[in-house]
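One structure is given below, encoded as structure tokens.
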Amino acid sequence: MGIFDKIEKIQYKGPDNRDPMAFSFYNPDEVIMGKTMREYLRFAIAFWHTFQGDGLDMFGKPTMKRSWDSVLDPMTLAKLKIDAVFELCEKLSVDYFCFHDRDIAPEGETLRETNSKLDQVVTHIVDHLKTSEVGILWGTANLFANPRFMHGAATSCDADVYAYAAAQVKKAIEVTKELGGKNYVFWGGREGYETLLNTDMGFEMDNLARFFHMAVDHAREIGFTGQFLIEPKPMEPTKHQYDFDVANALSFLRKYGLEGHFKFNVEANHATLAGHTFQHELRFARINGLLGSVDANQGDSLLGWDTDQFPTDVYSTTLGMYEIIKNGGLYPGGLNFDAKVRRGSYEERDLFVAHIAGMDTFALGLKAAAKLIDEGTLERHLKERYGSFETGIGKDILEGRASFRSLEEYIIDKKNPLPEPSNQEYLERLLNWAIIAAGK
Ligand code: XLS
Ligand code: CA
Ligand code: CA
């Protein structure tokens, strides 16, 4: 007997499908630009939102109705939810899930006790892995929920808290390795500050770097070969998070000699919170060779916080998939639905409806982005736009033959230069055409 017994495996029914419980665009084995959709998209379910989210908000009580609501024993419940995540992934044709240590097992009095509870659940996951195609995209440690982390973890003012966080991450990396996890994520949790009046920013950032170096050393020591990922976020829960955005976190990695050990897990909602588009953050990571994985969700432009909604904006997923195709895919990363159903979508069936919506939106985005690339207008336009650097003075600049003196000599008596027009409106229309064509 399964948890979602009333629900059959979700089928692909093609673009004309209007059944919320079937795919219109996600057809796992369809080949797009040389890879199957399954290979390009590498979907993952976020354990925390889907199995721990109860609909509680600052103004009201939990709303979610779940089949496991009557199960009271914490360890029985933990194992049941593991059964449920495998069943959900299999029914949705999702190949991975992601978890925090504290999502999958309850805490004990001491870290030793907590670790032993975690081990029991991990053994249960290992049993599932023996017979299932589903795997772990990434693991991580929850270094933000317990009151001990109120002033941060690796940036805490308290050395015992720092030690606790290190021991917790050590165990989380070991568990991720044991489960064959492809990546390990560091999201800054409470690594940031509320006020500089009580914060030694330089000291905290040095300590954070020490922490990352220890993580790199420990991974090497135990032979964990998964990709380490930093997930930037500008704010929330702290006023100012240290890993503000990709550019900021990259300068941190460079300053502390950590580049080469980390890539980025770009979350769409964190990008918009930082005042960027999703595509901007993906592009910035990609051009620096550091686009590792994606937290596939969306925010609400009228709400200034991390709403973690399921992605349904096809413009954004098209531009996102454009970057991902240009990146050659995300392997060993993937698209993790770090998204929660709205408080009013409280039925178990909504978990399926929401994931199907997100998967379909990314699948359509993939098809539209592939059309844009195939058709080539954007690339041609880009080449023309920078064409003046292909010959003459432009070529001299690129090939290092120019100086301020030679450039002055070249330009000083010429007429004021007028660059080519930008064609922005036409290019935006091109995007519409690609989406419409992909939807047929
Ligand atoms: C919170 C983050 C978090 C990370 C994993 O805003 O998105 O869920 O993805 O710790
Ligand atoms: Ca996230
Ligand atoms: Ca988020």
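The values are calculated or read from the model by the stated rules, or taken from the named source; none is laboratory data. For clarity, every value in this text was computed on a predicted model and none was experimentally measured. Glycine also receives a Cβ, built like all others from the backbone with ideal geometry; neighbour counts cover every protein chain displayed.
Tell me, which residue of region 91-139 that is in a strand (DSSP E or B) and among the aliphatic types (A, V, I, L, M) is nearest to the chain's Cα centre (by Cα)? The selected residue is Leu137. Filtering Gly188, Gly202, Gly181, Gly192 for residues that are more than 16 Å from ligand 3 (Cβ to nearest atom) and either surrounded by fewer than 23 Cβ atoms within 10 Å (Cβ to Cβ) or under 23 Å from Asp300 (Cβ atoms) (or both) leaves a single hit, Gly202. Taking Ala368, is it of a type in the set (A, V, I, L, M), out of contact with any His (no Cβ under 8 Å at 6 or more places or on another chain), assigned to a helix (DSSP H, G or I) and within 22 Å of Glu39 (Cα to Cα)? The answer is yes for Ala368. If you take the residues in region 254-275 that are part of a helix (DSSP H, G or I) and touching a residue at least 40 places away in the same chain (Cβ under 8 Å), which one is nearest to the chain's Cα centre (by Cα)? By that ranking, first place goes to Ala268.
Condition check: away from ligand 2 (no atom under 14 Å from the Cβ), surrounded by 15 or more Cβ atoms within 10 Å (Cβ to Cβ) and of a type in the set (S, T, N, Q). Does Thr225 satisfy that? No; evaluated as a whole, the condition is false for this residue.
In region 151-178, the residue that is surrounded by the fewest Cβ atoms within 10 Å (Cβ to Cβ) out of those that are of a type in the set (Gly, Ala, Ser) and in a helix (DSSP H, G or I) is Ala159.
Flag not set for Phe278, criterion: of a type in the set (Phe, Trp, Tyr), modelled with pLDDT of 95 or more and in contact with a Phe, Trp or Tyr (Cβ under 9 Å, 6 or more places away or on another chain).
Contact annotation: residue pairs with Cβ atoms under 8 Å, 6 or more positions apart or on different chains, pairing a residue in region 1-18 that is surrounded by 14 or more Cβ atoms within 10 Å (Cβ to Cβ) with a partner that is of a type in the set (A, V, I, L, M, F, W, C) and part of a strand (DSSP E or B), are Ile10/Phe23; Tyr12/Phe23; Lys13/Phe23; Asn17/Phe23.
Just to be sure before I move on: is Val85 more than 16 Å from ligand 2 (Cβ to nearest atom) and assigned to a loop (DSSP other than H, G, I, E, B) in the structure I sent? Considered against the rule, which asks whether it is more than 16 Å from ligand 2 (Cβ to nearest atom) and assigned to a loop (DSSP other than H, G, I, E, B), Val85 comes out as no. Among the residues of region 90-102, those identified as over 15 Å from Ile173 (Cα atoms) and either crowded, with 20+ Cβ neighbours inside 10 Å or within 16 Å of ligand 3 (Cβ to nearest atom) (or both) are Leu92, Ser93, Val94, Asp95, Tyr96, Phe97. Kindly check whether there is at least one residue in region 196-219 that is within 21 Å of the chain's Cα centre (by Cα), modelled with pLDDT of 95 or more, among the β-branched types (Val, Ile, Thr) and assigned to a loop (DSSP other than H, G, I, E, B). Among the residues of region 196-219, not one is within 21 Å of the chain's Cα centre (by Cα), modelled with pLDDT of 95 or more, among the β-branched types (Val, Ile, Thr) and assigned to a loop (DSSP other than H, G, I, E, B), which makes the answer no. Number of residues in region 48-79 that are within 26 Å of the chain's Cα centre (by Cα), at pLDDT 95 or above and over 18 Å from Ser345 (Cβ atoms): the value is 2. Take the conditions (1) under 21 Å from Asp95 (Cβ atoms); (2) crowded, with 18+ Cβ neighbours inside 10 Å; Val353 misses just one of them, which is (2). Scanning region 250-275 for residues that are among the aliphatic types (A, V, I, L, M) and touching a Phe, Trp or Tyr at 6+ places or on another chain (Cβ under 7 Å), we see that the one that is surrounded by the fewest Cβ atoms within 10 Å (Cβ to Cβ) is Leu258.
So that you can scan it fast, the table gives a plain yes or no per residue for (1) surrounded by 14 or more Cβ atoms within 10 Å (Cβ to Cβ); (2) within 16 Å of ligand 2 (Cβ to nearest atom):
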| site | (1), (2) |
| --- | --- |
| Ala209 | yes, no |
| Phe212 | yes, no |
| Arg220 | no, no |
| Pro232 | yes, yes |
| Phe244 | yes, yes |
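Is it the case, given these coordinates, that Lys395 is surrounded by 14 or more Cβ atoms within 10 Å (Cβ to Cβ) and out of contact with any Leu (no Cβ under 9 Å at 6 or more places or on another chain)? Considered against the rule, which asks whether it is surrounded by 14 or more Cβ atoms within 10 Å (Cβ to Cβ) and out of contact with any Leu (no Cβ under 9 Å at 6 or more places or on another chain), Lys395 comes out as no. Of all the listed residues (Glu384, Glu347), the sole one being among the acidic types (Asp, Glu), within 30 Å of Pro20 (Cα to Cα) and away from ligand 3 (no atom under 16 Å from the Cβ) is Glu347. Considering region 19-52, the residues that are of a type in the set (A, V, I, L, M, F, W, C) and farther than 23 Å from Asp308 by Cβ include one that is surrounded by the fewest Cβ atoms within 10 Å (Cβ to Cβ), namely Val31.
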